[in-house]
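The values are calculated or read from the model by the stated rules, or taken from the named source; none is laboratory data. Note that the structure is a prediction, hence the values are computed from the model and not measured. In this analysis, Cβ positions are derived from the backbone assuming ideal geometry, glycine residues included, and neighbour counts consider all displayed protein chains. All accessible areas refer to the heavy atoms of the entire protein, side chains included, with ligands and DNA or RNA removed. Shrake-Rupley method; radii C 1.70, N 1.55, O 1.52, S 1.80 Å.
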Amino acid sequence: MFSLESITNSIQTWLNNTFNPTIALLFECVIVGVLVISLFAVLGLVLVLMERKVSAYMQIRLGPNRVGPGGSLQTVADTLKLVVKEGLTPDGADKFLFNLAPFLVIIISMLVLAPIPFAKNFQILDINIGVLYVSAVSSVSVIGILMAGWASNNKYSLLGAMRSGAQIVSYELSAGLAVLSIVVLTGSLQLSDIIASQQNGWWIFKGHIPVIISFVIFIIAVTAETNRAPFDLAEAESELTAGFHTEYSGMKFALFFLAEYVNIFIVCSIGAILFLGGWMPLHIGNWNGFNHVMDYIPSSVWFIGKVFFLIFVIMWFRWTFPRLRIDQLLNLEWKYLLPISMLNLLLTTLITIMGWHF
Amino acid sequence: MGSASLIVLTIAAIVFAGGGIAVAKFLVKGSKNAVKGQAYECGIPSEGSPWNQFNIGYYLFALIFLIFDVELVFLYPWAVVVKQIGMAALVEIIIFLFILFMGFLYAHKQGALKWM
């Protein structure tokens, strides 16, 4: 059957048969690089358009509808416009750090893409510490944000960066604890193992109430970690103009913007992998007919569908909840989410040891 | 492909970001003047230095975060093996979390979690 796995395998065998191993590896590197860059560009274009369209329909308006059919090329036009905008560096800014910050943010979000399985047996690096790798690498991105705010020589930027730092590091804890409850259930940090353990049902169905609680905590925490509304204090437009990227313009601003959307994609795919079974199709008990029909949908479609569903949920939050104040935000994390997720982790462990899950 | 892919991804990211910025630099002929270089403060002339004092709360939260982040790192290897070890691991981690939680309660009692 047509699948991404067979395409990659045939490319690899063709390369190995045609060239000597070194050149074949070099070609593979080039292919991976080109694919990742195009994934980045496509994700940016699609997610920005989706954000605008979803926002528009939630406010009963049409959204962008002039450029291209149904407004589908609007983001391309916006990107072209950003390319020809002047990239200003304010006086008194630390030029080196100011220019380094967008690079750092982009590098981090590209590195986190490595262990994500996009389809069956289709991932760049099947690392055996996948979950730890993702949480470790993605937490470096806060340094990029702090760097941008600190180097800008602007009060809004500094305040936005500080808020963002406090917020991201706080919510990382409960996101980490929520992720750990799945690691406890599967006993493996490898993302492909975690997906394989959901062969007979996704964790959100198999794991009873504790997994549902950790799923909810995970979604709240990653919404805060990616600086999305209602936790978008770092760039609260009405208070701080644009937060840590106030002074960025032109292409450097576009890079921050892009990294933000790619980060949303990454956290949603981690959520889909851990709780919703990654590329596993939906199977219900012994409804064999139904299960067979579900098996015919390609694994990549399942994965992308789940991820975009979670992205839609996060966009939905933006138009449902009003923005929190900074003290409310930190209270929510330290006084509610952190104790709850700790107790939840212990409860999950108890369930795992006693074998009370399906 | 193995771990070499991480180097490939880093290079791809640098090429992507650097390429974009280079193209923009090539296309744009900017000019520079005194007003353009000022920090943006919604149009009014910028006032004072941005290196002000800010709330100590950020610092306190970062400190408490450090404790719990180290705890989280210890929890990762525990989470992998807890299924095999069983009840003993659960009891041990309850003691570990209890001690940490006492520290957290102490910080809370001292008002470290209160936003001034």
Discussion item. Residue pairs, Cβ under 6 Å, 6 or more apart or interchain, first in the stretch A:285-298 and closer than 13 Å to A:GLY201 by Cβ, second surrounded by 12 or more Cβ atoms within 10 Å (Cβ to Cβ). List them.
Written reply: A:ASN291/A:HIS283; A:MET294/A:PRO281; A:MET294/A:LEU282
Worksheet item: Among the residues of the stretch A:232-252 satisfying the criterion of being in contact with an Asp or Glu (Cβ under 9 Å, 6 or more places away or on another chain) and open to solvent by 30 Å² or more (accessible area, probe 1.4 Å), which is farthest from the other protein chains (Cβ to nearest Cβ)?
Response: A:SER249
Discussion item. So, B:GLN84, is that one open to solvent by 80 Å² or more (accessible area, probe 1.4 Å), facing another protein chain (nearest Cβ under 10 Å) and not charged (D, E, K, R) or not?
Written reply: yes
Discussion item. So, in the stretch A:234-290, exactly how many residues are part of a helix (DSSP H, G or I), closer than 27 Å to A:PHE118 by Cα and of a type in the set (A, V, I, L, M, F, W, C)?
Written reply: 18
Discussion item. Among the numbered criteria (1) under 21 Å from the mean Cα position of the chain (by Cα); (2) buried (at least 23 other Cβ atoms within 10 Å of the Cβ); (3) of a type outside the set (Phe, Trp, Tyr); (4) more than 30 Å from A:LYS95 (Cα to Cα), which one does A:ILE314 miss?
Written reply: (2)
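Kindly check whether there is at least one residue in the stretch B:55-74 that is of a type in the set (Phe, Trp, Tyr), assigned to a loop (DSSP other than H, G, I, E, B), facing chain A (nearest Cβ under 9 Å) and surrounded by 10 or more Cβ atoms within 10 Å (Cβ to Cβ).
No, the stretch B:55-74 contains no residue that is of a type in the set (Phe, Trp, Tyr), assigned to a loop (DSSP other than H, G, I, E, B), facing chain A (nearest Cβ under 9 Å) and surrounded by 10 or more Cβ atoms within 10 Å (Cβ to Cβ).
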Item to complete: Note down all Cβ pairs under 7 Å where the first residue falls in the stretch A:1-22 and is under 28 Å from A:SER299 (Cα atoms), the second is open to solvent by 80 Å² or more (accessible area, probe 1.4 Å), and they're at least six residues apart or on different chains.
Response: A:SER3/A:LYS120; A:GLU5/A:LYS120; A:GLU5/A:ASN121; A:LEU15/A:PHE27
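Name the helices (runs of 4 or more DSSP H) wholly within the stretch A:153-216 that hold at least 3 residues that are more than 7 Å from chain B (Cβ to nearest Cβ) and open to solvent by less than 10 Å² (accessible area, probe 1.4 Å)?
The qualifying helices (runs of 4 or more DSSP H) are A:155-186, A:191-196.
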Worksheet entry | Yes/no for A:VAL131 being more than 10 Å from chain B (Cβ to nearest Cβ), in contact (Cβ under 8 Å) with a residue 24 or more places away in the chain and assigned to a helix (DSSP H, G or I) | no
Item to complete: Could you run through the stretch A:29-80 and say how many residues are farther than 23 Å from A:VAL313 by Cβ, in a loop (DSSP other than H, G, I, E, B) and either at pLDDT 90 or above or not charged (D, E, K, R) (or both)?
Response: 4
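Within the stretch A:97-124, track down each residue that is open to solvent by less than 10 Å² (accessible area, probe 1.4 Å) and either in contact with a Gly (Cβ under 6 Å, 6 or more places away or on another chain) or not in a helix (DSSP H, G or I) (or both).
A:ALA101, A:LEU113, A:ALA114, A:PRO115, A:ILE116, A:PRO117, A:ALA119
Anything in the stretch B:1-46 that is among the small types (Gly, Ala, Ser) and either open to solvent by 80 Å² or more (accessible area, probe 1.4 Å) or not in a helix (DSSP H, G or I) (or both)? List them, or say none.
Here is the first cut: in the stretch B:1-46, the residues among the small types (Gly, Ala, Ser) are B:2-5, B:12-13, B:17-20, B:22, B:24, B:30-31, B:34, B:37, B:39, B:43, B:46.
Residues satisfying the conditions are B:GLY2, B:SER3, B:GLY30, B:SER31, B:ALA34, B:GLY37, B:ALA39, B:GLY43, B:SER46.
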